[in-house]
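For reference, the structure discussed in these notes is given below.
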Amino acid sequence: MKVISNPRAQRKQREYEARREEILLAAERKFSQNGFFKTSMAEIAEAAQFAMGTVYRFFKSKEDIYISLVEAKVEELLRLLEEATQSRLPAQEKLRAVIQVKLAFADQNRAFFRIYVSEWSGFEWTVKSAFGERVWKRYMAQIDLVANLIKEGIKTGEFRKVNPKDTSLAFHGMLNSTIYLWILQSGPKESLVDKGKWLGSLLLDGLGTSTLKRSM
């Protein structure tokens, strides 16, 4: 990122970022209330208290706004996961922390991510392609983070020998499926964070060296 040293330029950059953030927050509220397809750029502009022209200076379309929102969510989640796994705890406990952080994050942002789960099939292919390109690297960083924890656990003898990358993909696949089904569920819901307890046991027992001994 380019460092801006001019005070006036720094102030303008802060103002630009603040306005952009206001638009994103307003869009998130409208998307959560009305759904993506029933929300217009005019409604987003009104909610942000900006003129339409101002909104278009920052984003070329509401699809662009939504992709930017998802990018921000994925970046925030990655930051939280990195913070949760920087301790000196055993690899097994770090993986439990990953489960709890990811489930808690989905719980706190369920209104927003419900749009992604329920309306994704309606996006045009060009939007999905742009989404994939912009978010894929951030998602793979999560995969690599867990793969490195699995490598660490294998090295310390906590986990049996498995393919770290494939196991990380399976790990995230199970978590994501649990999150998506929970988001789409209607009626009273079990706490998503509470599901982390049995998910942790299921995932980590499968990785444990005791599993290998039982299968021999």
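Of the listed peptides 28-36, 92-100, what is their order by residue-averaged count of other C-beta atoms within 10 Å, with the highest listed first?
92-100, 28-36
How large is ³J(HN,Hα), in whole Hz, for each residue of the range 14-23 in order, when computed from phi with the Karplus curve 6.51 cos²θ - 1.76 cosθ + 1.60 and θ = phi - 60°, using x for Gly and Pro?
Going residue by residue, I get 5, 5, 4, 5, 5, 5, 4, 5, 4, 5 Hz, with x marking Gly and Pro.
Assuming R0 = 45 Å, can you tell me the calculated FRET efficiency for the pair Glu82 and Ser40, based on Cβ-Cβ distance, to the nearest 0.05?
FRET efficiency, Glu82 to Ser40: 0.75.
Bin all alpha-carbon pair distances of the range 1-59 at 5 Å intervals from 0 and give each bin's fraction as a whole percent.
With a bin width of 5 Å, the distribution comes to 4, 19, 24, 19, 13, 9, 7, 4, 1.
Using a cut-off of under 16 Å, list every residue of the range 71-106 whose amide N is near the label point 7 Å from the Cα of Glu17 along the Cα-to-beta-carbon line.
72-73, 75-76
Sequence-distant or interchain residues sharing an amide H contact under 5 Å with Phe159, placed H: which?
Ile154
Would you calculate the separation in nanometres between label points at Arg138 and Leu181, each defined as 7 Å from the Cα along the Cα-to-beta-carbon direction?
2.7 nm
Average projected area of the Cα convex hull of the range 6-120, in nm²?
Mean projected area for the range 6-120: 9.4 nm², to one decimal.
According to a simple spin-label model (label point 7 Å from Cα along Cα-to-Cβ), what is the distance in nm between Gln33 and Ala170?
4.6 nm
Pull out the extension gain between Gln49 and Arg8, defined as 0.36 nm times the separation in residues minus the alpha carbon to alpha carbon distance; nm, one decimal.
Between Gln49 and Arg8, full extension yields an extra 12.3 nm.
Which value, in debye to the nearest 20, describes the size of the charge dipole of the range 1-59 about its Cα centre when Lys and Arg Cβ atoms bear +1, Asp and Glu Cβ atoms bear -1, and nothing else is charged?
The dipole of the range 1-59 has a size of about 300 debye.
On a 30 Å Cα-Cα criterion, which of the cross-link pairs Lys30/Lys197; Lys62/Lys94; Lys73/Lys161; Lys12/Lys38; Lys155/Lys195 come out too long?
Lys30/Lys197; Lys62/Lys94; Lys73/Lys161; Lys12/Lys38
We did not get these values from a lab; they are worked out from the coordinates using the rules stated. Not measured: the values here are computed from a predicted model. Don't worry about glycine lacking a Cβ; one is built from the backbone with ideal geometry, like all the others, and counts go over all protein chains shown.
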